[in-house]
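None of the figures in this text is laboratory data; all of them are computed from the coordinates on show. Note that the structure is a prediction, hence the values are computed from the model and not measured. No Cβ is skipped: glycine too gets one built from the backbone with ideal geometry, and neighbour counts run over all protein chains shown.
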């Protein structure tokens, strides 16, 4: 009878595999979700996004709610693309964006359940940030020659 690959794999390799899986799961979610939500700001198929905008936003930005949501959509699409290319930077952008959304929903005085969900997503974006490599590695480092 053969031993299970899990039992015969050294612990550091298993830890690295778990780390990589968590990173890939979080990165996938924080690429796909912002892009889908960003695109939907132009179609309103999922919901009427303007109902989530606090009235103070339209008093600060001299635009009606729908054009503001179009700007929000562009920011979300860009954030998703940045997460795909540079997850460490993109996840920080997404975390800040989610903080802004959470604050907006609290100011609105309703949708506290959505605010709590977005806070949970913010924590997930911060976890992605911690799991992301500092710099994307394109190749193995070359050893230095002795002088």
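Label sites at residue 42 and residue 107, each approximated as a point 7 angstrom past Cα along Cα to Cβ, lie 2.6 nm apart. Under the criterion of Cα pairs below 8 Å and six or more residues apart, the relative contact order for the range 49-128 equals 30 percent.
Which whole-angstrom value gives the distance between the alpha carbon centres of the range 36-56 and the range 94-127? Computed from Cα coordinates, the inter-centre distance equals 15 Å. Among 135, 41, sorting on how many other beta-carbon atoms sit within 10 Å of each Cβ, with the fewest leading, yields 135, 41. Between residue 89 and residue 32, the distance separating the two model label sites (each 7 Å from Cα on the Cα→Cβ line) works out to 2.5 nm.
Rounded, prolate or oblate for the range 13-131? Axes are the square roots of the Cα gyration tensor eigenvalues, ordered a ≥ b ≥ c, and the cut-off for rounded is a/c under 1.5. Prolate, since a/c reaches 1.5 and a/b exceeds b/c.
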